[in-house]
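See structure below.
The values are calculated or read from the model by the stated rules, or taken from the named source; none is laboratory data. Predicted, not measured: the structure shown is a model, and the values here were computed from it. Cβ placement follows ideal geometry from the backbone for every residue including glycine, while neighbour counts extend to all protein chains displayed. The accessibility values were calculated without ligands, DNA or RNA, using every heavy atom of the protein model including side chains. Shrake-Rupley method; radii C 1.70, N 1.55, O 1.52, S 1.80 Å.
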Amino acid sequence: NISSVEDIDYTRHQIHHELMHWFDTKIDNGIELWPENITSYNLTYNLASLDNYVEHPSEGFVTGYAKTNSLEDRAEVYSYLFTKEGNSKLNEWIKTDKKLENKVNYIKNLIKGRVSKMDDNYFNQKVLNN
C-alpha cells in the first residue's frame with residue numbers, strides 16, 4: 001500500500017524508475033535509437049552527490065542523475081511521465097527543450113507500441129488528474 005509510505009511522490013518516482021530498468025532487460029526496445037548522444041553522459045556517478053537531484057539541469061535531461069548514462073536517462077524520463085508532478089514539469093520543459101521532447105516522445109511511443117490505450121490522452125487524464 002503506497003499510501004503508507006512517508007513520501008508517496010518519491011516512492012512512485014522510484015517504482016517507475018526501476019520498472020523502466022526492468023523493461024530495458026525484458027523487451028527489445030531499440031536503445032540504439034535513443035535520441036541522446038553517448039558523449040553527453042558522464043558515464044560515472046556519485047550516488048551521494050546532490051547534483052543527482054537537480055531538476056532539468058541542462059537541455060535534454062530531467063535530472064542530474066539522468067546525465068549518468070542512457071539507461072538512467074530513460075528511467076528518469078519514464079518515471080517523470082508517470083507521476084503527476086513530474087509529468088506537469090515535463091510538459092513545461094518540453095515547450096522549450098526539443099531534445100527532452102524527443103526523449104518523452106520516444107518513451108511514449110515505446111509504451112503506446114505495446115499498450116495502444118496508453119496514448120497522450122492516457123497521460124493527460126490518468127496521470128495528471130490523479
Worksheet item: In nm, to one decimal, how far is the modelled label at I27 from the one at S116, with both set 7 Å along Cα→Cβ?
Response: 1.6
Fill in: Kirkwood hydrodynamic radius of the chain, from inverse mean 1/r over distinct Cα pairs, in Å
15.1
Worksheet item: Of Y41, Y78, Y65, which has the largest mean-square fluctuation in a 10 Å C-alpha GNM of the chain?
Response: Y41
Practice prompt. Before anything else, pin down the relative contact order of the chain: Cα pairs under 8 Å, at least 6 apart, normalised by residue count, whole percent.
Written response: 24
Discussion item. With the cut-off at 25 Å, tell me which of the pairs K67/K98; K26/K117; K67/K103; K26/K89; K89/K126 have Cα atoms farther apart than that.
Written reply: K26/K89
Discussion item. Helix-only estimate, please: 222 nm mean residue ellipticity of the chain, summing -39500 (n - 2.57) across DSSP H runs of length 4 or more and dividing by its residues, to the nearest 500.
Written reply: -14000 deg cm²/dmol
Item to complete: With a 1.4 Å probe and every protein chain kept in, tell me what percent of the accessible surface of the chain is carbon plus sulfur.
Response: 50
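What does the accessible area per residue of the chain come to in Å², with a 1.4 Å probe and no ligands, DNA or RNA counted?
60
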Discussion item. Just to confirm a number: summing +1 for Lys and Arg and -1 for Asp and Glu over residues other than Y45 whose beta-carbon lies under 14 angstrom from that of Y45, what do you get?
Written reply: -3
Fill in: GNM flexibility winner over the chain from W34, W22, W93 (Cα, springs under 10 Å)
W22
Discussion item. If I model a spin label at A48 and L19 as a point 7 Å from the Cα along the Cα→Cβ vector, what separation in nanometres do I get?
Written reply: 3.3
